[in-house]
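Visitor: The following block contains the structure, expressed as structure tokens.
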Amino acid sequence: MKLDPLETLSLETPAPHVLVVRLNRPAVSNALNTQMGLDLYSVWSGLFQDAGDIRCVVFAAAGDRAFCGGGDLKERNGMTDEAWRRQHEIFERAFWAQLDCPIPIIAAVSGHAYAGGLEMVLASDFAYGVDTARFALTEVTIGIMPGAGGTQTLPRVVGERRAKEIILAGKPFTAAQAADWGILNSVCTREELWPAVMETATAIAGNAPLSVRQAKKSIHFGLQMDIRTALRFEIEAYNHLVGTEDRIEGIRSFNEKRKPVFKGR
């Protein structure tokens, strides 16, 4: 995958096989504007088409104040209905491309995540966050509703009744509550966040990449099936790995008492 410069995102590879995708509009709380939607779609769809040697993504944001404050309401001020719908379709495509990304995505939430910001966290595979972060889906307070997956991803994480409370009241909640409800896997101090995220990201990137992809796919799609169909789907995913070079390398390295060298083949 080419790490071409993007207007609203910064991309870097701080460790082997780990890509950091960073929202980069800190002056406006990394608000989601049209260009950011286009840039995010480009990155997520690019990873779907050809991830190259990337095996794990860390989804982060510039600045400590906010991960993402939601949609850029200044850009949206005065938009016609048609322009609003066209812009939102860009956002929809970006969020769906994130959900479809075969590479594991860890959200590193360094600040507040409101509205579309929280929806991006929910579209990640899992998330770590700082203890000072606040979260909310505030769309109903300005006359709209979550439209980038929030009414679907949130109840799948926190349950229907909790999701209704969060979405219908539009009230912020704390990082500790987000962890209790399953939105965050871990709550860290600001100093702890990046080392913790990178430790997990490098662990994932060090595992057999085809195995990681198949396991992610099995979990994601299996949860949408009845248990018997899901178990059959799991075995289909498993059997795709039996004939791979990485499976042979994994067994050989174990018996030779050395670290495996996975090639993604």
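Visitor: Which pairs do you get when a residue that is polar (S, T, N, Q), found in the stretch 89-106, comes within reach of a residue that is not in a loop (DSSP other than H, G, I, E, B), reach meaning Cβ atoms under 6 angstrom, with the pair 6+ apart or on two chains?
Guide: Gln98/Trp44; Gln98/Ala123
Visitor: Could you list, in sequence order, all residues of the stretch 124-158 that are open to solvent by less than 10 Å² (accessible area, probe 1.4 Å), among the hydrophobic types (A, V, I, L, M, F, W, C) and assigned to a helix (DSSP H, G or I)?
Guide: Passing the criteria: only Leu154.
Visitor: May I ask you to list the residues in the stretch 253-265 that are assigned to a helix (DSSP H, G or I) and open to solvent by less than 80 Å² (accessible area, probe 1.4 Å)?
Guide: Correct list: Ser253 only.
Visitor: Applying the selection to the stretch 52-85, what residues are loosely packed, with under 13 Cβ neighbours inside 10 Å and among the β-branched types (Val, Ile, Thr)?
Guide: Thr80
Visitor: What are the residues in the stretch 113-168 that are of a type in the set (Gly, Ala, Ser) and free of Cβ contacts under 8 Å to residues at least 24 places away in the same chain, if any?
Guide: The answer is Gly143, Gly159, Ala163.
Visitor: Looking at (1) aliphatic (A, V, I, L, M); (2) more than 15 Å from the chain's Cα centre (by Cα); (3) under 24 Å from Thr13 (Cβ atoms), which one does Ala175 not meet, given that it meets all the others?
Guide: The one condition Ala175 does not meet is (3).
Visitor: Going through the stretch 131-146 one residue at a time, which ones are out of contact with any strand residue (DSSP E or B) (no Cβ under 6 Å at 6 or more places or on another chain) and under 26 Å from Val58 (Cβ atoms)?
Guide: Residues satisfying the conditions are Thr132, Leu137, Pro146.
Visitor: Consider the stretch 175-223. How many of its residues are touching a helix residue (DSSP H, G or I) at 6+ places or on another chain (Cβ under 6 Å) and among the aromatic types (Phe, Trp, Tyr)?
Guide: Selection size over the stretch 175-223: 1.
Visitor: Quickly run through the stretch 90-118 and pick out the residues that are in contact with a Gly (Cβ under 9 Å, 6 or more places away or on another chain) and either open to solvent by 20 Å² or more (accessible area, probe 1.4 Å) or among the acidic types (Asp, Glu) (or both).
Guide: Within the stretch 90-118, Ile90, Glu92, Arg93, Trp96, Leu99, His112, Tyr114 meet the criteria.
Visitor: While we're here: Report those helices (runs of 4 or more DSSP H) wholly inside the stretch 159-252 carrying at least 1 residues which are touching a Phe, Trp or Tyr at 6+ places or on another chain (Cβ under 6 Å) and open to solvent by less than 60 Å² (accessible area, probe 1.4 Å).
Guide: Counting at least 1 such residues, we get 175-180, 190-206, 209-222.
Visitor: So which residues in the stretch 54-69 are closer than 19 Å to Ala97 by Cα and out of contact with any Leu (no Cβ under 7 Å at 6 or more places or on another chain)?
Guide: If the condition is that a residue be closer than 19 Å to Ala97 by Cα and out of contact with any Leu (no Cβ under 7 Å at 6 or more places or on another chain), then Arg55, Cys56, Val58, Phe59, Ala60 are the ones that fit.
Visitor: Mind listing whichever residues of the stretch 13-51 are surrounded by fewer than 16 Cβ atoms within 10 Å (Cβ to Cβ) and within 15 Å of Pro102 (Cα to Cα)?
Guide: Ser42, Phe48, Gln49, Asp50
Visitor: Name, by its number, the condition in (1) of a type in the set (Val, Ile, Thr); (2) closer than 17 Å to Ala66 by Cα; (3) more than 16 Å from the chain's Cα centre (by Cα) that does not hold for Ile183.
Guide: (3)
Visitor: From the list Glu192, Glu236, exactly one residue is out of contact with any Gly (no Cβ under 7 Å at 6 or more places or on another chain), free of Cβ contacts under 8 Å to residues at least 60 places away in the same chain and closer than 22 Å to Val18 by Cβ. Which is it?
Guide: Glu192
The values are calculated or read from the model by the stated rules, or taken from the named source; none is laboratory data. Keep in mind that this is a model prediction, so the values were computed, not measured. As a convention, Cβ positions derive from the backbone with ideal geometry for all residues, glycine included, and neighbour counts pool all protein chains shown. Areas reflect the complete protein model, heavy atoms only, side chains present, ligands, DNA and RNA absent. Shrake-Rupley method; radii C 1.70, N 1.55, O 1.52, S 1.80 Å.
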